[in-house]
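Novice: Okay, here's the structure, questions in a sec.
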Amino acid sequence: MDWSHWIALGVGLGLGTIASKLPKPSQPPAPRETEPAPPPAANTAELEAKLAQLQLDAGAIADMMAFKAGFLARVSHEIRSPLSKIISTHQIILADLCNDPEEEREFLEQANVAALKMVELLDEIMKVAKIERGKLPLKIERLSLETVFEEVYCLTYLQATDRNYPFNVEFPDESIQIEADFKMLRQILVNLIQSAIDGMEAGTLNFSAFPEETQVRIWLDSPCPPDAWNDPIGLLEEEPKPAEGNAVQLSPGLSFLMNQLLLEKMGGRLEILAPPADGDPAHLTRIQCSLPRATGDRSPA
């Protein structure tokens with residue numbers, strides 16, 4: 001090793017010794033844990049609004065699921081009656097319990113009538129389902145509420161008269177107009193009035209309307225309890241009663257649910273309310289149909 005290498009080694013050792021004796025630079029203090037800053041007031045209000053909307057959506061979904069469950073339960077109940085008739089008549093025939101071919105044919109005719117009723121019932125339910133899904137659009141148009149009342153009265157007053165029930169109708173002013181499907185609304189109101197007459201034993205029916213700025217409320221006051229339109233789901237535990245005649249006859253509960261769906265598709269609402277305190281004390285229930293009031297200067301339909 002020559003002298004240049006020794007000199008370089010000595011210089012390196014010297015520098016290393018000097019560096020080890022120099023004071024070390026001070027380390028910055030470790031950051032202290034601090035609480036997160038509260039969000040701005042605007043963000044807090046926005047979060048609270050979103051939370052409130054989520055709670056409303058969850059409540060609406062729960063109500064819809066309960067509504068659908070009740071609808072499905074009542075549809076099942078309606079189908080049981082004709083289906084039970086078909087099964088029972090076929091069991092009699094298959095067990096050779098008929099006395100002669102004529103009696104066997106009679107049972108087959110009864111089964112055929114029950115099958116046709118079930119098909120008609122399913123058609124009615126499918127029609128409402130298609131309307132609810134938008135597959136069968138309603139014809140929403142501008143209507144004179146007075147014309148609607150006249151049509152409904154003509155289709156229902158005889159039924160009330162035959163049973164000696166007074167039927168008081170307060171016809172609205174001809175200038176009041178609504179937006180709805182005429183045929184569907186007429187059928188809904190007729191169904192409600194007929195259910196009230198069927199559930200009455202005495203008393204009177206009042207049919208009136210109360211116009212507001214953006215909607216019109218149609219009222220049916222009757223002495224019937226709420227069960228006249230909204231029979232409990234517990235009836236599923238009972239054997240359904242057969243409908244009279246050959247016409248399709250829905251239970252009050254299923255008919256009311258279907259009417260609710262149809263009115264909602266027209267932008268309306270169907271409710272069962274308690275009668276006003278200053279009304280007729282004999283009236284136990286008020287049925288309220290709310291519909292959009294027509295605006296603009298077009299002539300009534």
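Quick note: the coordinates plus some simple rules give every number you see, no bench work behind them. None of these values were measured; they are calculated from a predicted model. Here the Cβ is made from the backbone with ideal geometry for all residues, glycine too, and neighbour counts use every protein chain on show.
Novice: Relative to the present Cα-Cα distance, how much length would full extension add between E48 and Q91 at 0.36 nm per residue of separation?
Specialist: Additional length available on full extension: 9.2 nm.
Novice: Additional query: What number comes out for the charge environment of R163, summing +1 per Lys or Arg and -1 per Asp or Glu over other residues with Cβ under 11 Å away?
Specialist: Net charge in that neighbourhood comes out at -3.
Novice: Using Cβ contacts closer than 10 Å as the measure, can you line up I93, I178 from fewest to most?
Specialist: Lowest count first: I93, I178.
Novice: N99 to K130: extension gain in nm, 0.36 nm per residue of separation minus the Cα-Cα distance?
Specialist: That works out to 6.6 nm of additional length.
Novice: Give me F207, F107, F171 sorted ascending by neighbouring Cβ count inside 10 Å, so fewest comes first.
Specialist: F171, F107, F207
Novice: Between D173 and L72, take the C-beta separation as r, use R0 = 45 Å, and let me know the FRET efficiency to the nearest 0.05.
Specialist: That pair, D173 with L72, gives E of 0.60.
Novice: Can you flag which of K117/K183; K85/K183; K135/K183; K130/K183 are past 28 Å Cα-Cα?
Specialist: Violating the 28 Å limit, Cα to Cα: K85/K183.
Novice: Between Q215 and Q187, what is 0.36 nm times their sequence separation minus the Cα-Cα distance? Round to one decimal in nm.
Specialist: Roughly 8.1 nm would be gained on extension.
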